[in-house]
Amino acid sequence: MKDRISYMSADLRETYAPYRESVSGTSSEEARWKSCSDTTNGYFPMPVGSLFVQDSFPPENKQVVSPDLLSAQSVRNSKFS
């Protein structure tokens, strides 16, 4: 149940707060945005990573890395074929 508290309504999370504080000594819960972000990244790591790369790196950098990545992929494929 405690793993699912972050998915509950604000009223239920507030009800759980005294218990959490008495058991763990933590009086505040993780920020809602952080909980949502971690859950999304946990279920969809590749799409989230792709969005990060698209947003954070200029196209010139991606073209420099692409040949190296393709080379590494071909080596990996030849070793496991």
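Descriptive notes on the structure:
- Region 25-39, residues that are surrounded by 11 or more Cβ atoms within 10 Å (Cβ to Cβ), part of a helix (DSSP H, G or I) and over 8 Å from the mean Cα position of the chain (by Cα): Arg32, Lys34, Ser35, Cys36
- Pairs are defined by a Cβ separation below 8 Å, a sequence spacing of at least 6 or placement on different chains, a first member in region 39-51 that is touching a residue at least 12 places away in the same chain (Cβ under 8 Å), and a second member that is assigned to a helix (DSSP H, G or I) and not acidic (Asp, Glu); the pairs so defined are Thr39/Ser6.
- Residues being more than 10 Å from the chain's Cα centre (by Cα) and assigned to a helix (DSSP H, G or I) - total across region 40-57: 8
- Residue that is closer than 23 Å to Ser6 by Cα and at pLDDT 80 or above, where the choices are Phe52, Phe44: Phe44
The values are calculated or read from the model by the stated rules, or taken from the named source; none is laboratory data. No experiment lies behind these values; they were computed from the predicted model shown. So basically every Cβ, Gly included, is an ideal-geometry build from the backbone, and we count neighbours across all protein chains shown.
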